[in-house]
Structures are given as structure tokens and as C-alpha cells.
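Asker: Quick one: structure below, then a few questions.
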Amino acid sequence: MTRIHLILILLLGTNIGQVLAQRDIPDNLPKFDNKHLHFGFQLGMSSNGFALDHDLTKSDSLIKLETGTQPGLVIHVVSELHLGPYFGLRFTPGIAFAARDLQYEYFSTQPTSPIVKTIESTYIEAPILLKYRSMRVNNFAQYVMVGFNYGFDLSSQQFTDNNVDQAGELIVKLKRMNYNAEVGVGFDFFLEYFKFSPELKFSYGLNNVIVQEQTTYSAPINNLKARNFIIALNFEG
């Protein structure tokens, strides 16, 4: 479904560009592309989850292990170096708040609810993205981007000696370092005083983030990687 939504958005953006091309509209920010470097900020919402590889036989009576998504918030600074009329190098450092669920279901003769472990993270992020933008038509353009994002989790309990939380329950620990490949699409709208750019971005974790302590919750997990979907609004001057 995500791919279908992405295709529909691209088709909609193409139609908008064709309609604008047929109208005589004064150009806003006519000297914007003459700048070698420009700045802005980004606000976004995210849906955060995991890609999970597990082995149920590594934990007694475990019959199901699933992941769940949680919403998050993204606040980034935007800087872009123009590499020509179509290419740009974007560096967007910032902070991201995320939470994700691991749901454990154990065999029982009585009806029971799954045990849900919610893992909260606060990332300091440093994404570097190569952007390709279409030709500007009046005050509209489309773009795609691909790149790499390094994240450092300030909330990680990777090196915590205590392996239980305040309620006395075992903690599922994640590593502090997170490496993601990212790909996205967006639309540039040149307004009178600034450029407004909504974008969609997918982030795929490259490294296994589980801290394996062979507890009842970590032992069944062979591999755990971040998966994020971000809807962001960029404001650039």
C-alpha cells in the first residue's frame, strides 16, 4: 500500500506541474537558485517500527513475537549546497523522538494479553542526502533524494548495569548507534517570501540494534533493524 500511495503522490505532483506550466504566473524568489547555500528548518511526524528476525524456540513457551509502530516527532535544521541546476547536497542535523513496540505472546491455559515492551528513543541525527530536482516550472518543482543517516540514541540503556526497569521488569536494550539508508520524494513550492517543501521519506536501518543479553525477551531476537516513515514540512529561505 505504501508503494501505491507513493505512486499516486508522484502522479499528482506531475499533474500539478503540468497545470502550472499552462498558466502565466509571476515567479516568486527568482534568485533563489542562484544561491550556493541556503538554510531552513524541518518539522515532521514519523511512524516508527522494526524489521524483526526471530527464533521462537530460544524462549520457553513463546508462541508469537511481533513488532508494533508508534508515532514520533522530527525537528531538523536544513542546509543545502547547490551542485548545479538539478542537484543539491543536503545536510539536515536535528533531533528525533521515537517509540516502538515489541509484543510477546506466551502459551497459557488461561486467556492472557500479550506482553508489550515499548522502547523509547531520542536520536541526535545527522542525515546527508543527495537531492535531484526537476526543472522549475513557474513556482513548482519535484525532487527525489537518497542518502545516509547516522543516529545517536540519547535514551539508550546499552551500557546500563541494571537489567530491570523501575517496575522490576526486564529491559529490552538497544544500541546507541543507529545507521540508516534513506530515500524520499518531495515537492518545492516557491512562495513569496520562502520555499515550502512537503516531503515523504523512508528510512531503513542497516545495523542490528538489539543488545543480546540472552534474557527471555532478547534471546528470541536474531536481528532487529529500525524502519521509519516520515512526513515532513520544510521551510527554506
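The values are calculated or read from the model by the stated rules, or taken from the named source; none is laboratory data. Bear in mind that the values here come from a model prediction, so they are computed numbers and not experimental data. Neighbour counts are summed over all protein chains in view; Cβ atoms, including those assigned to glycine, are modelled from backbone coordinates with ideal geometry.
Quick grid of which residues meet (1) among the charged types (D, E, K, R); (2) within 23 Å of the chain's Cα centre (by Cα); (3) under 20 Å from residue 123 (Cβ atoms):
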position	(1), (2), (3)
35	yes, no, no
43	no, yes, yes
48	no, yes, yes
51	no, yes, yes
56	no, no, no
59	no, no, no
64	yes, no, no
77	no, yes, yes
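Results for (1) within 25 Å of residue 212 (Cβ to Cβ); (2) touching a Pro at 6+ places or on another chain (Cβ under 9 Å); (3) in contact (Cβ under 8 Å) with a residue 12 or more places away in the chain; (4) surrounded by 14 or more Cβ atoms within 10 Å (Cβ to Cβ), shown as yes or no for each residue.
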| position | (1), (2), (3), (4) |
| --- | --- |
| 36 | no, no, yes, no |
| 40 | no, no, yes, yes |
| 62 | yes, yes, yes, yes |
| 68 | yes, no, yes, yes |
| 84 | no, no, no, no |
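Asker: Only one of 144, 137, 172 is of a type in the set (Val, Ile, Thr) and closer than 19 Å to residue 230 by Cβ; which?
Answerer: Of the residues listed, the single one that is of a type in the set (Val, Ile, Thr) and closer than 19 Å to residue 230 by Cβ is 144.
Asker: Determine whether residue 78 is under 15 Å from residue 38 (Cα atoms), touching a Gly at 6+ places or on another chain (Cβ under 6 Å), touching a residue at least 40 places away in the same chain (Cβ under 8 Å) and assigned to a strand (DSSP E or B).
Answerer: Answer is yes for this residue.
Asker: Just checking, does the range 115-135 include any residue being over 18 Å from the mean Cα position of the chain (by Cα), modelled with pLDDT under 95, under 22 Å from residue 187 (Cα atoms) and part of a strand (DSSP E or B)?
Answerer: Checked against the condition, which is being over 18 Å from the mean Cα position of the chain (by Cα), modelled with pLDDT under 95, under 22 Å from residue 187 (Cα atoms) and part of a strand (DSSP E or B), the range 115-135 yields no hits at all.
Asker: A follow-up question, please. Pick from the range 153-193 the residues that are at pLDDT 85 or above and of a type in the set (Ser, Thr, Tyr): which of them is farthest from the chain's Cα centre (by Cα)?
Answerer: Applying the filter and picking the extreme gives 193.
Asker: Based on this model, can you work out whether residue 144 counts as modelled with pLDDT of 95 or more, part of a strand (DSSP E or B) and hydrophobic (A, V, I, L, M, F, W, C)? Show your work before the answer.
Answerer: Details: modelled with pLDDT of 95 or more: yes; part of a strand (DSSP E or B): yes; hydrophobic (A, V, I, L, M, F, W, C): yes.
So residue 144 passes the test.
Asker: Among the candidates 107, 189, 152, single out the residue that is more than 30 Å from residue 58 (Cα to Cα), of a type in the set (Phe, Trp, Tyr) and in contact (Cβ under 8 Å) with a residue 24 or more places away in the chain.
Answerer: Being more than 30 Å from residue 58 (Cα to Cα), of a type in the set (Phe, Trp, Tyr) and in contact (Cβ under 8 Å) with a residue 24 or more places away in the chain holds for just one of 107, 189, 152, which is 189.
Asker: For the range 198-237, enumerate the residues that are surrounded by 17 or more Cβ atoms within 10 Å (Cβ to Cβ), outside any strand (DSSP E or B) and without any contact (Cβ under 8 Å) to a residue 40 or more places away in the chain.
Answerer: 209
Asker: Taking the stated definitions as given, is residue 54 touching a residue at least 60 places away in the same chain (Cβ under 8 Å) and out of contact with any Gly (no Cβ under 7 Å at 6 or more places or on another chain)?
Answerer: Yes; evaluated as a whole, the condition is true for this residue.
Asker: Out of the residues in the range 170-191 meeting the condition of being of a type in the set (Val, Ile, Thr) and part of a strand (DSSP E or B), tell me which one is surrounded by the most Cβ atoms within 10 Å (Cβ to Cβ).
Answerer: Narrowing the range 170-191 to residues of a type in the set (Val, Ile, Thr): 171-172, 183, 185.
Subset that is part of a strand (DSSP E or B): 183, 185.
Working: 183: 14, 185: 17.
The residue in question is 185.
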